[in-house]
Each structure stands twice: as C-alpha cells, then as structure tokens.
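The values are calculated or read from the model by the stated rules, or taken from the named source; none is laboratory data. Model, not experiment: these values are computed from the prediction. Cβ sites come from the backbone with ideal geometry, for glycine too, and all protein chains shown count toward neighbours.
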Amino acid sequence: MGVALGRLLMGWNAVRQDMQALADDHRSHAVSHPGWSFPARVWSAPASADLPAERRVRHAELRGYRAVCPALEPGTVCRAQMQAVPRVGSDFEPVLLGRIVGPDAEIRTHLPLVQAPKHLLDAIRIAEDERFYSHFGVDPIGTLRATLVNLRGGGVRQGASTLTMQVVRGLGGRRDRTFGRKTEEMARAIALDQAFGKDGVMQVYLDMPYLGQDGPLSICGFEEASRYYWGRPATEMTLAQAATLASILPGPARWAPDKFPEIARERRDGLLRRMGEAGWDVDAALQEPMDASPHPVDLGERAAPYLAAVRNELLARLPAEAVYGAGLNVVTRMDLVAQEDGAALVAERLRFLESAIGRRGPEPLRAAGVLLDPVDGALVAVVDSGMAASTDFLRPMMARRQPGSSFKPVVSALALQKRDASGHYAFTAASVWPNTPRAFAEGWVPRNVGGHYTPTATLADGLASSHNIVSVGLMEASGGPTALRDFAGVLGFDVSRFPVEPGLALGQAEVTIAEMGRFATVVATGGRQVEGSTVAGVVDAAGRERLSPAALGPAVMDVETTAVVRELMRLVVTQGTGGGARGRAGFGGYDGPLFGKTGTSDDEKDLWFVGGSGAYAGALWLGYDEPTRVGAAASDFAAPMFGWWFREVHEGLPRQPLSEPALDFAWVCSQTGRHASGECRGLRVPFRPGTAPAGLCDGLHGPEPWTLGDHKSLWDELAEGQVAEPSADPTE
C-alpha cells in the first residue's frame, strides 16, 4: 500500500512539474506550435522631427497624414508651407510593414485579460464552463454526468471538458477520445490550474481557440476573430458579438456567423438567454442582427523586399518558433522615404533603360540593390524590381552573380595593406604595373576592355580606368588568388565557392548584392566590418527583448588603407568609368561627394555599381534572372541608375561630405606614377602621409593611345543616331 502511494505521489509530482514548466514556457512565449502561435509584426524605423523640412513632409505624406494648410494639428501635413506635425510625440511614428506568419498559418493577436470586456469573459464561462471559478481544473459534477452518459453509450460520448482541460489540450495534450487520455488530461488540468491560476488559464483561453478561416489563414483568439467578423478590436465587442463567438467555440467551421448566420444566431440567442438567467440584461442583444461579414486579414505587405530581408535575419538569429510564434514586435532600421521613393524611382528608370535597347530575355530586365547607413552599417532600404510579395525570391540576399570589375577595389585593398619584409607598406596608389597583354598562371592572357593598353599603369589608374591586366598583376604581387579569397572572407564575403584562379581578380566569383553593399559600407565606415542588420529592436508578446541592434564589427582594414581605397573609388566617378553616376540621358544624377566602382561581367550579363556618399553606401545590380546579355556596359546603365537612385534617396537631405582622411594628395602621371607634367594624363591620387612619389615625369611615354574621353557610351551613340532611340515599349 505504501509503495503504491509513493509511486502515485511521484507520478503526481512529475505531472505538476511538467505543467509548471509548460505554463512558464507558454506564458513567456518561449514556445510556439499550432494552437499557440503569434505572428511577428514588423515596423519601419520612426523618423526624426529634426529632419530638414522637405524630408519631414515626405515622411508625413508616406504615412498618410491628412493634407491641410496650415498644418497645425497632429497627423497633418502641408507641402506648400513645408509643415508636418507628427501624430504622437515629437517624431514620426513607425509604419507597419507586415506580419511574418509561420507554416501553421495561424493569425493570432494577444488580448490582455485586463482589457477583455466582462461580457466576453462571462460568455466564455457560461458557454463552456459555468463552474470555472469554483472547481480546481476538473469539474466533478460535470465529470460524473459525462461518465454516466459514456457508460450508457459504451464509449466516450461526452467530454465534460473544463476551460482548463481545453487549455491543456491546446497547449500540447493528447486529443484522442479515450478513457486513458481523459484521465491524463484531468490530472494535467489540476496541475495547470495550480500553476496558472484562474486568471492565467482564462488569459491563455482568450488567445488560444480557432474561430474561423480566411483563405489559407486560421483566425485564432478572440481579438483576431472580432477584427475578422466585425472589423473592430475585442475591447469594442458588443454583448451579442461576444455571445456569438463564445457560442460557436465547439464548431467554428459549422457555425461561422458569416457563412451560416441563421444557425449562428440560434446558438448566440441560446447563450444570451443563459446569460440572462445569470443576471445580464440581454433584451437589446437578442434584437441585434447577425451582421458578421469577413474583413480579410491584411498582412500589410509594404516594402516586400525589406520585409523579406527582416524575415531572413530573424530566422538566422532566432529560433524559428520565436520568429513565427512569439508575437514579436520588430522595429527595423528601414527609412520609409529611402525605401519607397527609391524603389519607385528604380522601377520607373528601369523601364526607360530597357526601352533603350529592347528586352533581351524572356522576363523583364531586373534591378536590385541595398542601401546601408555608413555610421552603424544598418540596412535602411532594399530594392528588388521583380518582387511582389515578401515570400518571393529575394535577389539582393539570395541571387549569386559575378561582380565583374566592381570587385577590383577588394584587390586594391589587399595590395595597399600588404607589407614588405621590413614592415613597410609594399605598394602605394602610384605603384606601377605593366599594362600590355601578358600570360599569367596556366598561360591565361587577360585583355583590357576595348583592347586599350599602355606600356605601364599605376594602381590608381588601373582602378579608375578598370584595366584588367593591372588588377591581375596587382593580385599576383599581393599573394595570388588564395590571398585574395582569404581577404574577401575577412571582409564578409562567403568565399566557400570562390575559384582559386587568376580570374578572381576580375570578379569571376559569384557574390550577392548584399555582400557587395556591405563591402562598400566597410569602405565608408573606415574599415569596420558591418552586418547589414535590419533590426533596431525586437520584443516578444511578453515584453521581453529578444534582439538588440547589431553594432559595427572589428576592423578588417586599417583606417589609412580604407581612406586610400575610398579616394581611389572617388577617382572612378570623377575621372573614370563611373562618371555616369553624375547623370545621363537627360536625368540628373547624384551631385554630392561620391565614391564607387562599375562592374560588367562576361558578355554583359551582370551590370554593377558599388559605392557610397556621406549619408549612404550600397550596391546596385542590373540583369536578367536567366543570365542573358543586357546589351550595355555598367558605365552605360548601372552607373547612371545608381546616380539616379542616390539622387532620389538623398532628396531633402543636405549633401554630407565624405569623412576627410589624413592623407596626402598629388597629381600623378597615370602611366609612370611620378608627378604629372604637361605631357601626362594626371590623376589626383591619395597617399598615406609621407609616401607621395618624388620626381617629375619626363613625358617620354607619349600621349595615351586611348582615354575615357575618347570612349563613346551607349548614350553618345543614341544621341548621334548610331542606335535606335528608346522605345516606349521595352519589348520592341
């Protein structure tokens, strides 16, 4: 007898501990599963009221503020007088971008018990468990009645489930209709009643039950059901509406008030009469029409590419059950103006660009890009012209394409950080390499674009003019493709599939747009590694912080090397292949301080521009999903598009200078690396202090056989009628 009692007590203690842990996990939203899944809500960043007037007005317009002049009341905007008054507080509020719904497709919103109307709580109790507050998780009277019915019927015909037992089942209990299951469920209900308390059980019940269907989405919990059937929060639910939901709990699919109003009304009225017997005044509620109608769930898919990037980051940094089920509120770093106005501009100009040459692939020409904040490396905007929903393929993070010459600044950075045996830097921007065809490893002979060569060229001109032979020679002198691959890995590239071959210097590896954008931001931040994080803060439904903003990472390039690389990339814009960023085809480009690099992969299948300003850094790619020749070079398409995009995202912001590095500058001959004479093509080249070259170029190299000024771009040829004018129909 004593042994049996001991075993019984041990079994009870195990059940009690199990239910305490279950209660704690669910109360803290540490777990999620069908029946207990709260989708995450994702918000844009707020916007400061200290922004310049033009930017403040645009933020207000995109937030749907009421247009009225003068704008004096909260939530109003007046463009004529450049006024905007935030709705709440001093800053412009975050905007809901959407919800991240898990595989179980449950839509559920937490309804705090203290906010639930009393008539809803009583309707639930009277409909499902009248003696809820007087029993201990199991109702002996109801159980006895159900037992007699089941004995007469020869099986389980009636369950007598209390609210607590239903919660046990909803939080992971067995659902088979057997005596064994029922006995186990009763024991667990008693333990849960002790662990949760009555208020805790009722709180869970408010959020738990399935109450309807909106296409593939399950409507769960009373808050979401009230919004679905009547378009109002549960706090505003009438007595009749509360009774409707409580009365359909056993069979929402059979008695849904929007699909079966007569049956639903019959059940509602039956419950109302029982509530009347309990003391409620139900006369008006009985006369209320059954006016339920579907209010489709709005998942708020605003800025789908950015929302997709947020989902990717959350799933990389948190367990999936937290992302899909913990009721996360995610405040991001997304700048609403940069995101929406930038994406609209890119889409419009993309159609124009494609009209210039006609469509080359079966699908439209695509553009994708990322925009980051150079101060902290956060991702503030994502562009993907082919993306309609956040569950679509996200090109900036998922597509891997060859970057072509836009990868050459990585080669320059590798070389400029290299030290010789004595510890001194081995190369400067004026270091000279042969710039005529020659064989490298395995007999490979690269050629310069356009077939233009000089006897020699400086590192600076190799980057500005994008000389392939110089870049390969520079990589070879800096440790070869293995050293370049390893350095790219330190910078944040996924190098697992990088080829260890000379073509790596010319961007023949595959990278993502996000990786290239992060590299541009490394250059902008002074050499610190960046994550490109979307997250400003993440709090779950229990109020617990799940993620905090990602900080800048460790230094991956020294400050002076980074400054030299950035200034060399400015030469690409001012005197090299990136001049189109200043404007093309009658559209103005970005007119502030800008650094960058163009890139065109083999056969013009991928067009790139990578760079930044004082306010933003990023990368932009153009091409076809199925790699196809575009019919233009990056200098023709990617550089102008980057400039147009940057002009748009900077609209209303002051032109911030690039950080001023402590460097020396000298006008250097592009071929010899000495101070330029009147016979030279000179470049204003950056140097670490004290490392500028000595001596004047004698000019004996003669004039360059080709300069960028001699090159005719696609737009020059269009202007001269050598190719057809842009068509209104890009498919022509």
Taking Asp729 as the residue in question, decide whether it is modelled with pLDDT of 90 or more, acidic (Asp, Glu) and part of a loop (DSSP other than H, G, I, E, B).
no
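Can you confirm whether Arg419 is basic (Lys, Arg) and over 22 Å from Arg629 (Cβ atoms)? So that I can check it myself, show each step before the final result.
Details: basic (Lys, Arg): yes; over 22 Å from Arg629 (Cβ atoms): yes.
Yes: the conditions hold for Arg419.
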Which of the residues spanning the stretch 215-237 are touching a helix residue (DSSP H, G or I) at 6+ places or on another chain (Cβ under 9 Å), in contact (Cβ under 8 Å) with a residue 40 or more places away in the chain and surrounded by fewer than 16 Cβ atoms within 10 Å (Cβ to Cβ)?
Thr235
Every residue in the stretch 481-490 that is over 12 Å from Val411 (Cβ atoms) and either within 29 Å of the chain's Cα centre (by Cα) or crowded, with 21+ Cβ neighbours inside 10 Å (or both), please.
Asp486, Gly489, Val490
Just checking, which of Leu658, Leu714, Leu708 is modelled with pLDDT under 95, aliphatic (A, V, I, L, M) and more than 26 Å from Ala520 (Cα to Cα)?
Leu714
Within the stretch 105-124, how many residues are over 39 Å from the mean Cα position of the chain (by Cα) and not β-branched (Val, Ile, Thr)?
5
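I'd like to know if the stretch 264-280 contains one or more residues that are basic (Lys, Arg), more than 30 Å from Glu340 (Cβ to Cβ) and touching a residue at least 60 places away in the same chain (Cβ under 8 Å). Spell out the reasoning first.
Within the stretch 264-280, the first condition is being basic (Lys, Arg), and the residues that meet it are 265, 267-268, 273-274.
Pick out the ones that are also more than 30 Å from Glu340 (Cβ to Cβ) and you get 265, 267-268, 273-274.
Going one step further and asking which of them are touching a residue at least 60 places away in the same chain (Cβ under 8 Å), we end up with 274.
The answer is yes, given that some residue of the stretch 264-280 is basic (Lys, Arg), more than 30 Å from Glu340 (Cβ to Cβ) and touching a residue at least 60 places away in the same chain (Cβ under 8 Å).
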For the stretch 454-469, state whether one or more residues are on the phi > 0 side of the Ramachandran plot, touching a helix residue (DSSP H, G or I) at 6+ places or on another chain (Cβ under 8 Å), crowded, with 19+ Cβ neighbours inside 10 Å and not basic (Lys, Arg).
yes
Among the residues of the stretch 413-437, which ones are among the polar types (S, T, N, Q) and more than 42 Å from the chain's Cα centre (by Cα)?
Ser422, Asn435, Thr436
Restricting to the stretch 347-400, name every residue that is assigned to a strand (DSSP E or B) and crowded, with 22+ Cβ neighbours inside 10 Å.
Ala367, Ala368, Gly369, Val370, Leu371, Leu372, Leu379, Val380, Ala381, Val382, Val383, Asp384
Subset of the stretch 155-200 [surrounded by fewer than 15 Cβ atoms within 10 Å (Cβ to Cβ), modelled with pLDDT under 85 and among the charged types (D, E, K, R)]:
Arg157, Arg174, Arg175, Asp176, Arg177
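Of these, Gly537, Gly503, which one is surrounded by fewer than 24 Cβ atoms within 10 Å (Cβ to Cβ) and over 19 Å from the mean Cα position of the chain (by Cα)? Even if it seems obvious, please write down each step before you answer.
Working: Gly537 fails: over 19 Å from the mean Cα position of the chain (by Cα).
Of Gly537, Gly503, the one residue that is surrounded by fewer than 24 Cβ atoms within 10 Å (Cβ to Cβ) and over 19 Å from the mean Cα position of the chain (by Cα) is Gly503.
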Elements of type helices (runs of 4 or more DSSP H) contained in the stretch 184-272, each with 1 or more residues being of a type in the set (Gly, Ala, Ser) and in contact with a Pro (Cβ under 9 Å, 6 or more places away or on another chain)
222-230, 239-247
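Just one of Val610, Val565 is outside any loop (DSSP other than H, G, I, E, B), aliphatic (A, V, I, L, M) and either modelled with pLDDT under 95 or within 23 Å of the chain's Cα centre (by Cα) (or both); which is it? Write out each step before concluding.
Working: Val565 fails: either modelled with pLDDT under 95 or within 23 Å of the chain's Cα centre (by Cα) (or both).
Going through Val610, Val565 in turn, just one is outside any loop (DSSP other than H, G, I, E, B), aliphatic (A, V, I, L, M) and either modelled with pLDDT under 95 or within 23 Å of the chain's Cα centre (by Cα) (or both): Val610.
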If you scan the stretch 231-256, which residues turn out to be closer than 10 Å to Ala123 by Cβ and of a type in the set (Ser, Thr, Tyr)?
Thr244, Ser247
Please go through the stretch 476-514 and give me each residue that is farther than 14 Å from Gly599 by Cα, among the acidic types (Asp, Glu) and in a loop (DSSP other than H, G, I, E, B), ordered by number.
Asp494, Glu501
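Can you tell me which residue among Glu61, Glu54 is within 21 Å of Pro654 (Cα to Cα) and either aliphatic (A, V, I, L, M) or in contact (Cβ under 8 Å) with a residue 60 or more places away in the chain (or both)? Outline the logic, then answer.
Numbers: Glu61 fails: either aliphatic (A, V, I, L, M) or in contact (Cβ under 8 Å) with a residue 60 or more places away in the chain (or both).
Every option except Glu54 fails the conditions.
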Pairs under 7 Å by beta carbon, first residue closer than 23 Å to Asp214 by Cα in the stretch 297-321, partner of a type in the set (A, V, I, L, M, F, W, C) and surrounded by fewer than 16 Cβ atoms within 10 Å (Cβ to Cβ), six or more apart or different chains?
Gly300/Leu96; Glu301/Ala389; Ala304/Ala388; Ala304/Ala389
Out of Ala692, Ala676, Ala634, Ala666, I need the residue that is touching a Ser or Thr at 6+ places or on another chain (Cβ under 7 Å) and not β-branched (Val, Ile, Thr). Which one?
Ala634
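May I ask you to verify whether Arg302 is charged (D, E, K, R) and modelled with pLDDT under 95? Reasoning before the result, please.
On the way: charged (D, E, K, R): yes; modelled with pLDDT under 95: yes.
Against the criterion (charged (D, E, K, R) and modelled with pLDDT under 95), Arg302 qualifies.
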Name every residue in the stretch 385-432 that is under 30 Å from Gly623 (Cβ atoms) and of a type in the set (S, T, N, Q), in order of residue number.
Ser385, Ser390, Thr391, Gln402, Ser405, Ser406, Ser412
Can you list residue pairs whose Cβ atoms sit under 6 Å apart, with the first residue in the stretch 421-443 being touching a residue at least 12 places away in the same chain (Cβ under 8 Å) and part of a helix (DSSP H, G or I) and the second being small (Gly, Ala, Ser) and surrounded by fewer than 12 Cβ atoms within 10 Å (Cβ to Cβ)? Count only pairs 6 or more apart in sequence or on different chains.
none
Restricting to the stretch 621-650, what's the tally of residues that are assigned to a helix (DSSP H, G or I), acidic (Asp, Glu) and farther than 17 Å from Arg351 by Cα?
0
